[in-house]
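A.B. asks: Shown below is the structure under consideration.
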Amino acid sequence: MPTVASATLLIIYLDNNATTRPSAAAAAAAARGMTDFWENPSSVHRAGQAARAQVELARESIASLIGGRAREITFTSGGTESIDLAIRGIAGAGVRREPPRVISTRIEHAAVRDALDDLRKRGLIESVDAPLGPDGIVDAAGLAGLLTPNTALVSVQWANNETGAIQPVREIHRLCREHGVLFHCDGVQWIGKEPVDAGDHRHESPAPPPCDLLSLSAHKFHGPKGVGVLWVRSGVRLRPTLLGSQELGRRGGTENVPGIMAAGEAAREAAAWLADTGPRQSARVLRDRLESRILHLCPGAVVNGPQEPTLRLWNTTNIGFPRLEAEALLLLLSERGVCASAGAACSSGSLEPSPVLLAMGIDPAIAHGSIRLSLSKETTQAQVDEAALIISECVNRLRTSMPNA
Ligand code: PLP
């Protein structure tokens, strides 16, 4: 449930990192992992093998959520590690005469941007940014023009974590296949909220992911924080970054059995929720309602990202209030019980506007005053209406107290 009653305040979670609260079943699975399966799944004794069986059940649930095979699933410590493993594991695999080219975008999550920056600064890759349209959608034709024989990897997210912009991943995958280039997709925002084969009518369901490597994170679909997955298509050679025999040698370290069990449970629930389009449509209606109410109550407010709502993931809206300071707004909202964020969680707390919004060409005066609101499958209409009202009151209060606003 995204709302909890505290002694003084009813909290409405519209923060991407809090709205997908772990489900009761996921929490129960984690508890069982702690009490009943604490042994090491690599131990040969019966108790260890019972823990192993739980890990493998979870692996199958994740594989079935994304249309992959269990052997293609590697458990990690989160989306960030999955992304890091995909990028370093491919760019660093094999011997090359010159640094391989990696193509990505300037609107990726910091996990991608930071890994690429690090490899580029150390002279290990040549990093190139694909062009973007004004609404933050990758120009696939422009990306195709960057694919050279020396290109080792393309890394593009499925949906943007700040605006929800949905990228043309099928088109990018097709281009990569034609050029013999591997495609890593950061699916952290997409997986669990939309099916992998959404809009793909070429395959019998479940279709495999439209990429070669796919990163995902359990806490984005009502699982625990600190559990991620990297799906690697069979036959793709990945160089591990943490050495060890676990996870078929792709990621060393004793597995987080309780977390993995909870992630498996969350994946089963997500797959059941995704089986029918109705709940997603209802959630999208709520997001559109929140957005249009805020725009109506706060003249001058703008939506960042694609203006066409269907080009954005159903859970996200990013709204700019020109000349306001997002930080001040977030603090006021927090006092009124609305949890929201500006940009990615890792960049909140800084007064800098989101680099993702700036990379999309958004005016800094708008980017400075932009907040991200994320719904989950549990958000209710009453919460949306209440939140829109509170947001408008806080915006108007800030506007009257700031002579420039
Ligand atoms: N990629 C995207 C698009 C994200 O939204 C996030 C987290 O919010 C991550 C990667 C990092 O995932 P994690 O928090 O599991 O490390």
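The values are calculated or read from the model by the stated rules, or taken from the named source; none is laboratory data. None of these values were measured; they are calculated from a predicted model. Please note: Cβ atoms are built from the backbone with ideal geometry, for glycine as well, and neighbour counts cover all protein chains shown.
A.B. asks: Taking the residues in region 234-252 that are away from the ligand (no atom under 16 Å from the Cβ) and either of a type in the set (D, E, K, R) or closer than 22 Å to ASP36 by Cβ (or both) as candidates, determine which candidate is surrounded by the fewest Cβ atoms within 10 Å (Cβ to Cβ).
C.D. replies: ARG237
A.B. asks: Determine the pairs where a residue that is surrounded by 14 or more Cβ atoms within 10 Å (Cβ to Cβ), located within region 291-312, has a partner that is outside any helix (DSSP H, G or I) and of a type in the set (Phe, Trp, Tyr) with Cβ atoms under 7 Å apart, the partner being 6 or more residues away or on another chain.
C.D. replies: Sorted first by the residue in region 291-312, then by its partner, the pairs are CYS298/PHE321; ALA301/PHE321.
A.B. asks: Please specify each residue of region 236-260 satisfying the condition of being over 20 Å from the mean Cα position of the chain (by Cα), at negative phi and assigned to a helix (DSSP H, G or I).
C.D. replies: If the condition is that a residue be over 20 Å from the mean Cα position of the chain (by Cα), at negative phi and assigned to a helix (DSSP H, G or I), then VAL257, PRO258 are the ones that fit.
A.B. asks: Can you work out which of the residues in region 106-140 that are free of Cβ contacts under 8 Å to residues at least 60 places away in the same chain and part of a loop (DSSP other than H, G, I, E, B) is nearest to CYS185 (Cα to Cα)?
C.D. replies: Only one residue tops the list, namely ALA130.
A.B. asks: So which residues in region 354-364 are part of a helix (DSSP H, G or I) and surrounded by 14 or more Cβ atoms within 10 Å (Cβ to Cβ)?
C.D. replies: Scanning region 354-364 gives PRO355, VAL356, LEU357, LEU358, ALA359.
A.B. asks: Among the residues that make up region 100-114, is at least one of them polar (S, T, N, Q), touching a strand residue (DSSP E or B) at 6+ places or on another chain (Cβ under 8 Å) and farther than 26 Å from PRO168 by Cα?
C.D. replies: no
A.B. asks: Here is a list of conditions, (1) modelled with pLDDT of 95 or more; (2) within 16 Å of the ligand (Cβ to nearest atom); (3) out of contact with any Phe, Trp or Tyr (no Cβ under 7 Å at 6 or more places or on another chain), and LEU311 meets all of them except one; can you say which number that is?
C.D. replies: Only one criterion in (1) modelled with pLDDT of 95 or more; (2) within 16 Å of the ligand (Cβ to nearest atom); (3) out of contact with any Phe, Trp or Tyr (no Cβ under 7 Å at 6 or more places or on another chain) is unmet by LEU311, namely (2).
A.B. asks: A further question on this structure: I need a count of the residues in region 69-83 that are more than 9 Å from the ligand (Cβ to nearest atom), surrounded by fewer than 23 Cβ atoms within 10 Å (Cβ to Cβ) and either over 16 Å from GLU255 (Cα atoms) or among the charged types (D, E, K, R) (or both).
C.D. replies: Going through region 69-83 one residue at a time, the tally reaches 2.
A.B. asks: What number of residues within region 141-168 satisfy the criterion of being assigned to a helix (DSSP H, G or I) and either within 13 Å of the ligand (Cβ to nearest atom) or of a type in the set (Gly, Ala, Ser) (or both)?
C.D. replies: 3
A.B. asks: Out of everything in region 371-405 that is touching a Leu at 6+ places or on another chain (Cβ under 7 Å) and within 15 Å of ARG284 (Cα to Cα), what residue ends up being surrounded by the fewest Cβ atoms within 10 Å (Cβ to Cβ)?
C.D. replies: Filtering first and then ranking leaves GLN381.
A.B. asks: Condition (residue is outside any helix (DSSP H, G or I), at pLDDT 95 or above and of a type in the set (S, T, N, Q)) applied to region 286-294: is it met by at least one residue?
C.D. replies: No, that holds for no residue.
A.B. asks: Here is a further query. Give me the residue from region 87-117 that is among the acidic types (Asp, Glu) and within 16 Å of the ligand (Cβ to nearest atom) and, out of that set, nearest to GLY305 (Cα to Cα).
C.D. replies: So the residue we want is GLU108.
A.B. asks: Right, next: Filter region 171-190 down to the residues that are part of a loop (DSSP other than H, G, I, E, B) and within 16 Å of the ligand (Cβ to nearest atom) and list them by number.
C.D. replies: GLY187, VAL188, GLN189, TRP190
A.B. asks: Residues of region 213-233 being among the aliphatic types (A, V, I, L, M), within 12 Å of the ligand (Cβ to nearest atom) and in a strand (DSSP E or B), which ones?
C.D. replies: Correct list: LEU214, LEU216, VAL229, LEU230.
A.B. asks: Tally time: how many residues in region 341-353 are at pLDDT 55 or above and within 16 Å of the chain's Cα centre (by Cα)?
C.D. replies: The number of residues fulfilling the criteria is 4.
A.B. asks: Across region 47-67, what is the total count of residues that are surrounded by fewer than 22 Cβ atoms within 10 Å (Cβ to Cβ), touching a residue at least 12 places away in the same chain (Cβ under 8 Å) and touching a Ser or Thr at 6+ places or on another chain (Cβ under 9 Å)?
C.D. replies: Adding up the residues that qualify gives 1.
A.B. asks: Could you tell me whether ALA198 is more than 11 Å from the ligand (Cβ to nearest atom), in a loop (DSSP other than H, G, I, E, B) and more than 28 Å from ASN304 (Cα to Cα)?
C.D. replies: no
A.B. asks: Follow-up. Going by the structure shown, is VAL112 at pLDDT below 95 and β-branched (Val, Ile, Thr)?
C.D. replies: no
A.B. asks: Can you tell me which residue in region 126-140 is nearest to the ligand (Cβ to nearest atom), limited to those that are among the charged types (D, E, K, R) and closer than 22 Å to GLY180 by Cβ?
C.D. replies: Only one residue tops the list, namely ASP129.
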